[in-house]
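Enquirer: Structure below; questions to follow.
Any read-out appearing in this document is the output of simple, stated calculations on the displayed coordinates, not a laboratory observation. As the structure is a computational prediction, the values presented were derived from the model and not from experiment. Positions of Cβ are generated from backbone atoms using ideal geometry, with glycine treated the same way; all protein chains shown enter the neighbour counts.
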Amino acid sequence: MSETLRAAAFLDKGGTGKTTTVAHLGVALQREGYEVLLLDLAGKQGDLAKHFGVWEAYREAIDADEAWPNISTVFDDAWGTIAEKLGEDAVADLVVDTEEGVDLIPAHPGLDTLDADLGTVDDARDRYSRLEAFLDEYVDPLGYDVVLLDLPGLTNNVSYNGLWAARHVIAPVEMGPFEAEQADALRRDLQKIAANFDVEIQLSLVLPNKVDTRTTLAEEYLDAFREEYPEAIAPDLVPYSQDIRNATEAGRTVFRLDSPSKTAREARAAYLQAAEVLVDRLQGGDA
Ligand SMILES: Nc1ncnc2c1ncn2[C@@H]1O[C@H](COP(=O)(O)OP(=O)(O)OP(=O)(O)O)[C@@H](O)[C@H]1O
Ligand SMILES: [Mg+2]
């Protein structure tokens, strides 16, 4: 693959599985042979790094003032100057390795004030396109096949930067009335951005998550999502799996479980399938 593909996990709602999805799709892509970089913009708690068991070490680096530059620095007016001073290693130093093969740029406390900081940038295009400028100039040359972004579960200047930079959205949805509404609101929001800024952002993957297939209500919601998002719906659903919770708490994905439960095996298969169609859609949708 010659060009780095990008997608951002987003839904204007907390807890639907954005971070879990980024971690698992990332590892699924890696297992399918792609070089993957994950980027955590979702807040200072460092959930994505925790997912791979690398947060404690990174937090120590933060406490020792060694985590500089970091993901919040790249939005700064002075980033160009900082990067120039640091030379070749400026961006490589942002990246942390994980045992599952994917690379990661972790969150940082500086994300706390990033939304407000960006709010002081007068020009709207400049305000929303800083991450894109960083990825274009500094990350694409690193040669990753796919970059996945984990975004905050709310609409703000940071999530706008993520959407703007990725141009493709992955929306994990639970099977409920509220999520159906949020997915619809997301689609309207993307249309608004297109109208206001002439920036096309596609809803590329709607991934039903935490589905309890034993209930007929879940099946009904699933059918409704399939009907509403035929071009974006994932090939298969991710079931509710206690193994996902347990693995996450142990700092790994379900791909690294030695004796996965039935739901964990189903989840793996669903992520692998979703990863394949995602790449197709990211490659095809950019014309
Ligand atoms: N398929 C699943 N089965 C069981 N638990 C799940 C599944 N997907 C996610 N979870 C759990 O649900 C919780 C929320 O998931 P996650 O942190 O990925 O959501 P999020 O959208 O990133 O949340 P936030 O908006 O807070 O960042 C976590 O405890 C996670 O382990
Ligand atoms: Mg999250």
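Enquirer: May I ask you to order 113-121, 275-283 by the average number of other C-beta atoms within 10 Å around their residues, highest value first? Could the numbers behind the result be given before it?
Expert: Values: 113-121: 14.8, 275-283: 17.6.
In descending order of packing, they fall as 275-283, 113-121.
Enquirer: Can you list which of the GluC sites (Glu not before Pro) found in segment 59-105 are DSSP loop residues with at most 13 other C-beta atoms within 10 Å? Display every interim value, and only then the final one.
Expert: On the way: sites: Glu60, Glu66, Glu84, Glu88, Glu99, Glu100; in loops: Glu66, Glu88, Glu99, Glu100.
Hits after loop and neighbour filter: Glu66, Glu88, Glu99.
Enquirer: Let me ask something else. Could you run the Karplus curve 6.51 cos²θ - 1.76 cosθ + 1.60 with θ = phi - 60° over segment 71-80 and give me ³J(HN,Hα) per residue in whole Hz, x for Gly and Pro?
Expert: Whole-Hz 3J(HN,Hα) from phi for segment 71-80: 4, 7, 5, 6, 8, 6, 3, 8, 4, x.
Enquirer: Remind me, relative contact order of the chain in percent, using alpha carbon pairs under 8 angstrom and six or more residues apart? Walk me through the intermediate numbers first.
Expert: On the way: 505 pairs, mean separation 77.5, N = 287.
It comes to 27 percent, rounded to a whole number.
Enquirer: Related question: Answer with one residue from Thr81, Ala28, Leu131: the one whose Cα lies farthest towards the positive end of the charge dipole of the chain, charges on Cβ with Lys, Arg +1 and Asp, Glu -1.
Expert: Of the candidates, Ala28 comes out farthest on the positive side.
Enquirer: Label points 7 Å out from Cα along the Cβ direction at Thr120 and Trp68: separation in nm?
Expert: Placing both labels 7 Å along Cα→Cβ, they lie 1.7 nm apart.
Enquirer: Per residue, what volume in Å³ does the convex hull of the Cα atoms of segment 1-157 enclose? Let's see the in-between values first.
Expert: On the way: hull volume 17.4 nm³, N = 157.
Spread over its residues, the Cα hull of segment 1-157 gives 111 Å³ apiece.
Enquirer: Follow-up. Hey, got the dipole for the chain? About the Cα centre, +1 on K and R Cβ, -1 on D and E Cβ, debye to the nearest 20? Spell out each step's value before the answer.
Expert: Values: 25 positive and 55 negative charges, 185 e Å.
About 880 debye.
Enquirer: Looking at the chain as a GNM with Cα springs under 10 Å, which of Asp77, Asp212, Asp47 has the largest mean-square fluctuation?
Expert: It is Asp77.
Enquirer: Can you list the lysines whose alpha carbon sits under 23 Å from that of Lys192, skipping same-chain ones fewer than 8 residues off?
Expert: Within reach: Lys13, Lys18.
Enquirer: Would you give the gap between the C-alpha center of segment 263-283 and the C-alpha center of segment 154-206, rounded to a whole Å?
Expert: Segment 263-283 and segment 154-206 have Cα centres separated by 20 Å.
Enquirer: So, one more: Taking θ = phi - 60°, what integer Hz values does the Karplus form 6.51 cos²θ - 1.76 cosθ + 1.60 yield along segment 251-262, in sequence order, with x for Gly and Pro?
Expert: Residue by residue, segment 251-262 yields x, 8, 9, 5, 5, 9, 7, 6, 10, x, 6, 4 Hz.
Enquirer: Take every DSSP beta bridge with both residues inside the chain and express the antiparallel ones as a percent of the total, to the nearest 5. All intermediate terms of the calculation are to be shown ahead of the outcome.
Expert: On the way: 2 of 25 bridges.
DSSP beta bridges in the chain are roughly 10 percent antiparallel.
Enquirer: Given q = 0.07, 0.12 Å⁻¹, what are the Debye log10 I(q)/I(0) values for the chain, with equal point scatterers placed on the Cα positions and solvent ignored?
Expert: -0.24, -0.72
Enquirer: Determine the principal axes of the Cα atoms in segment 1-41, then give the extent along each, sorted from largest to smallest and rounded to whole angstroms.
Expert: The Cα atoms of segment 1-41 stretch 34, 19, 13 Å along the principal axes, largest first.
Enquirer: Sticking with this one: Can you show me the helix-derived [θ] at 222 nm for the chain, built from DSSP H runs with n ≥ 4 at -39,500 (n - 2.57) apiece and divided by the number of residues, rounded to the nearest 500. Don't jump to the answer; show the numbers that get you there.
Expert: Numbers: 13 runs with 131 residues, N = 287.
That comes out to -13500 deg cm²/dmol.
Enquirer: Of Ala92, Ala232, Ala264, which is farthest along the charge dipole of the chain in the positive direction, counting Lys and Arg as +1 and Asp and Glu as -1 at C-beta?
Expert: About the Cα centre, the residue reaching furthest to the positive side is Ala264.
Enquirer: Let me ask another. Under 5 Å between amide H atoms, partner at least 5 residues away or on a different chain: which partners does Val211 have, H built in plane at 1.01 Å?
Expert: Amide H to amide H, under 5 Å and 5 or more residues apart or across chains, Val211 pairs with Val238, Tyr240.
Enquirer: Hey, another quick one. Taking amide H positions as placed in the peptide plane 1.01 Å from N, state which residues far from Val96 in sequence (5 or more) or on other chains have amide H under 5 Å from it.
Expert: Here Leu104, Ile105 satisfy the definition.
Enquirer: Give the distance, in whole Å, between the Cα centre of segment 1-48 and the Cα centre of segment 83-114.
Expert: Going from one Cα centre to the other spans 15 Å.
Enquirer: Starting with the highest mean, order 17-24, 172-179, 52-59 by the number of other Cβ atoms within 10 Å, averaged over the residues of each peptide. Don't skip to the answer; put the middle values down first.
Expert: Values: 17-24: 27.0, 172-179: 19.4, 52-59: 17.8.
Highest to lowest by the protection proxy: 17-24, 172-179, 52-59.
Enquirer: Now a separate question. Using the crude model of +1 on Lys and Arg Cβ and -1 on Asp and Glu Cβ, and no other charge, please compute the dipole size for segment 1-106 relative to its Cα centre, in debye to 20. Don't skip to the answer; put the middle values down first.
Expert: On the way: 8 positive and 21 negative charges, 121 e Å.
For segment 1-106, the charge dipole is close to 580 debye.
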